[in-house]
Amino acid sequence: MIGQKLIALLIMVIPAALAMYGIKLIRDALFYSVTPDVDFLWGKLLLGLLLFVGPVSFIGGFILHHDRKRNRVQPRFMKRDPEDDED
């Protein structure tokens, strides 16, 4: 039981750390762009956006999957049965 909770914690902490690093890269790209001797750092900005959006969507999907298993979501977020779509 404790091992499962530790793994779940790591599943949440590692993407959160990547998202924080992505925010740092975005901030650096924006702050370095105001200095006159440095061009805008597109690579740093795009990498930061990727490192922010990816882990945040992973964490959101993980929480949604976890809550769907325990029926804690609103009816619009529940999975539909294929038989319901045929009507």
To the nearest 20 debye, the chain has a Cα-centred charge dipole, built from +1 on Lys and Arg Cβ and -1 on Asp and Glu Cβ, of 560
Which of the listed residues, Leu10, Ala29, His66, is farthest toward the dipole's positive end in the chain, when Lys, Arg count +1 and Asp, Glu count -1 at the beta-carbon?
Leu10
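If you take the square roots of the eigenvalues of the alpha-carbon gyration tensor of the chain and sort them as a ≥ b ≥ c, do you get rounded (a/c under 1.5), prolate (a/b over b/c) or oblate?
Working: a/c = 4.70, a/b = 1.93, b/c = 2.43.
Verdict is oblate for the chain.
Report the relative contact order of region 22-87, percent, no decimals, based on alpha-carbon pairs under 8 angstrom and at least 6 residues apart. Numbers along the way, then the final one.
Details: 39 pairs, mean separation 17.4, N = 66.
Normalised by residue count, the contact order of region 22-87 is 26 percent.
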Output ordering of 55-68, 27-40 (per-residue mean of other Cβ within 10 Å, highest first) is 55-68, 27-40
Note on region 1-47: contact order normalised by length, alpha-carbon pairs under 8 Å, 6 or more apart, percent, works out to 29
Less than 22 Å apart at the alpha-carbon level, and either on another chain or at least 8 residues along: which lysines does that give for Lys44?
Lys24
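If you roll a 1.4 angstrom probe over the protein chains with everything in place, what fraction of the accessible area of the chain belongs to carbon and sulfur, to the nearest %?
Values: 4790 of 7240 Å².
Solvent-exposed carbon and sulfur of the chain make up 66 percent of the total.
Where only protein heavy atoms count, and the probe is 1.4 Å, what is the accessible area per residue for the chain in Å²?
I get 83 Å² per residue for the chain.
Would you please give the FRET efficiency between Val53 and Ile11, computed as 1/(1 + (r/R0)^6) with r the Cβ-Cβ distance and R0 = 25 Å, to the nearest 0.05? List each step's numbers first, then the result.
Working: r = 18 Å, r/R0 = 0.71.
Using R0 = 25 Å, I get an efficiency of 0.90.
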Under 28 Å Cα-Cα from Lys5, which lysines qualify once same-chain neighbours fewer than 8 residues away are excluded?
Lys69, Lys79
Using alpha carbons only, how many degrees (0 to 90, rounded to 10) separate the axis of helix 2-32 from the longest principal axis of the chain?
30
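The values are calculated or read from the model by the stated rules, or taken from the named source; none is laboratory data. Please read these numbers as outputs of a predicted model, since none were measured by experiment. Note that each Cβ is placed from the backbone with ideal geometry, even for glycine, and that neighbours are counted across all protein chains shown. Keep in mind that these areas ignore ligands, DNA and RNA; they rest on the heavy atoms of the full protein, side chains included. Shrake-Rupley method; radii C 1.70, N 1.55, O 1.52, S 1.80 Å.
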